[in-house]
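Scroll down for the structure; my scribbles are underneath it.
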Amino acid sequence: MLMAALALSATPTVAFAQQQPVVDLRGEKAPPAPGRPYAARNLPDRIILSPAADPTTGMAVSWRTDMATEGTVAELALLLPTPAFGQNAQQVLGQSVPTLSENGGALYHKVRFTGLQPDTAYAYRVKGSGGFSEWHQFRTAAANTDPFRFIYFGDTQNGILEIGSLAWRRALLMAGDPRLVLHAGDLVASRDNMVHDDEWGEWAASGGWAMAAIPQAPATGNHEYVDIPGPEGQENRQLGPHFPLMFALPENGAPGVEKTSYSFDYQGARIIVMDGTSALDLGTLPAQTAWLQAQLADAGSRWKIVLFHQPLFTCARPRDTKVLKDAWKQIFETNGVDLVLQGHDHCYARLTAEEGREAGNAARANGATQGPVYLVSVAGSKMYGLNDRALTQPDRVAEDSSMFQIVDVAPGKLSLRTYLNTGVLYDGFDLDKGADGRNHLTNVAAELPEVRHCSGPVQQVDGPMPAGRLGPDGLPCTADIKD
């Protein structure tokens, strides 16, 4: 029977949201976008699927509606080819939180689907005051190590819908059937020239329906935090109120950092998400470090992928992130971490040896195995210039370039390909895991574009251009130098 297959746990619904404390999301004095395109309406929006701690048997969904919606209701069914599949749908209840933003009142809802069957297609829809959304589909993870593919995005942050969506949508077109999407943090800016709610509206619009069908696994960046003035004028960081409402994450992370650190296993890979900002600024480094060590020690022979925002090795800033590097680099190396995904620097860098590119190439030519591969990427419009180490230390770099990564994971091989948002292959490598658990790295066997970096003074092209450097495409370089 279908109902036996949908043994779901239900959280009691919040019948009257007005009785709950209202979360104030307002963070800017600027007015919302003309016409308030991101105001909540009577049909659900910002529908985002999140992985459960065990995505073989669970998923979670969050969404937003207007304040007139009563209760938090989703319907879930096995996805079948017949249009009548919804007749066997089961209602699942959840919780809602009332909010007030620059765009007015809204309810944020969360439902967790549990007791699901591994490697099974489901369809769900969620309810607003005007009725249900369309049906969305997802597939639970397999209980074995079947190969799978995921997409990785660096910071979107600025030009989210205008520019960041280009990488989003090109990645979706090229990835085919990605099972996850990972994000480096700084999804939004939270302190520039747009109101916060509009930024989150743009971020959700960039991925559209895909966010409701492919589990999203975000890290927090420093821009997911907001600055709160202290009693003596100092700036203190506090997690922005949108982030915990937008996602229904596993919340199984380090003590005190459960909302922004978490881990899950997916078909032979352990994915560990850390909160670098909280570690650096809020005193949670010891707790996160101990939790990281335990997560890696318990991962067994799985691929080990760690995701956080601030890079250990920077491609734009004068100095590496010493505090995180001192705490985590040795743990990554001694516990067999394969891939470290980061953002923050608004440039691209793939680093395989701290001693530099030539040293890494020489070591591998002599048969050396590969330790963690560190990767920094950027998907949005904000760019930083390369630092003085970038042309010799990383294996491959780029500036003034929006891009994305597609990663294929199989029992014995992990393959990463970096694409420009035009769909052009820019970089790539394979990690082949031996019987001893050690990796051998091979660079992609393809003709790649020249290294993309800015240079020289801007030349005159059809009229005056602003003073500065020339970008890799013959236009003014948009990459600011960090000092």
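The numbers here are math on the coordinates, done by the rules we state, and not lab data. For clarity, every value in this text was computed on a predicted model and none was experimentally measured. All Cβ positions, glycine included, derive from the backbone under ideal geometry; neighbour counts span all protein chains shown.
Using only side-chain charges placed at the Cβ, +1 for Lys and Arg and -1 for Asp and Glu, the dipole size of the stretch 238-306 relative to its Cα centre rounds to 180 debye.
Between the listed residues Pro318, Tyr266, Ala294, the Cα displaced farthest toward the positive end of the dipole of the stretch 251-336, a dipole computed from Cβ unit charges relative to the Cα centre, is found at Pro318.
A simple rule links phi to the HN-Hα coupling: the Karplus curve 6.51 cos²θ - 1.76 cosθ + 1.60 with θ = phi - 60°, which for the stretch 50-60 gives 10, x, 7, 4, 10, x, 6, 10, x, 9, 9 Hz, with x for Gly and Pro.
Multiplying the residue separation of Ala121 and Trp135 by 0.36 nm and removing their Cα-Cα distance gives an extension gain of 3.8 nm. Each label point was placed 7 Å from the Cα along the Cα-to-Cβ direction; for Asp298 and Asp483 their separation is 4.8 nm. Taking a ≥ b ≥ c as the square roots of the eigenvalues of the alpha-carbon gyration tensor, the stretch 265-381 is classed oblate because a/c is 1.5 or more while a/b is no larger than b/c. One Cα centroid belongs to the stretch 418-453, the other to the stretch 118-168; the line between them spans 25 Å. Each Lys and Arg contributes +1 and each Asp and Glu -1, all at the Cβ; summed about the Cα centre of the stretch 327-369, the dipole is approximately 80 debye. Normalised by 2.2 N^0.38 Å, where N counts its residues, the alpha-carbon radius of gyration of the stretch 2-139 equals 1.12.
For the chain, the fraction of C-alpha pairs farther apart than 39 angstrom is 22 percent. Computed from the C-beta positions of Asp24 and Leu173 and an R0 of 41 Å, the FRET efficiency is 0.60 to the nearest 0.05. Ordered by the number of other Cβ atoms lying within 10 Å of each residue's own Cβ, fewest first, Ser301, Ser206 fall into the sequence Ser301, Ser206.
Stretched out straight at 0.36 nm per residue, the stretch from Asp388 to Gln330 would grow longer than its current Cα-Cα span by 18.4 nm. In the chain, a dipole from Cβ-located charges (positive for Lys and Arg, negative for Asp and Glu) runs towards its positive end, and of Leu166, Asn387, Val226 it is Leu166 whose Cα lies farthest in that direction. A quarter of the convex hull surface defined by the alpha-carbon atoms of the stretch 29-95 gives 7.5 nm² as the mean projection. The value given for the stretch 220-318 is a Kirkwood hydrodynamic radius of 14.7 Å, derived from the mean inverse Cα-Cα separation. Helical content of the chain, expressed as a calculated mean residue ellipticity at 222 nm, amounts to -4500 deg cm²/dmol (DSSP H runs of 4 or more residues, -39,500 (n - 2.57) each, divided by residue number, nearest 500). Placing +1 on the Cβ of every Lys and Arg and -1 on the Cβ of every Asp and Glu, with nothing else charged, gives the stretch 144-212 a dipole about its Cα centre of roughly 340 debye. Compute the distance from the alpha-carbon center of the stretch 196-255 to that of the stretch 32-86, in whole Å. When both Cα centres are located, 18 Å separates them. On a 0 to 90° scale, report how tilted helix 196-207 is relative to the longest principal axis of the chain, with both axes built from alpha carbons and the result rounded to the nearest 10. Helix 196-207 sits at roughly 80 degrees to that axis.
Checked against a 29 Å cut-off, the cross-linked pairs Lys29/Lys127; Lys304/Lys482; Lys259/Lys433; Lys29/Lys329; Lys259/Lys322; Lys329/Lys382 give Cα-Cα distances beyond that limit for Lys29/Lys127; Lys304/Lys482; Lys259/Lys433; Lys29/Lys329. Between Ser455 and Ala362, the contour length at 0.36 nm per residue exceeds the Cα-Cα span by 30.6 nm.
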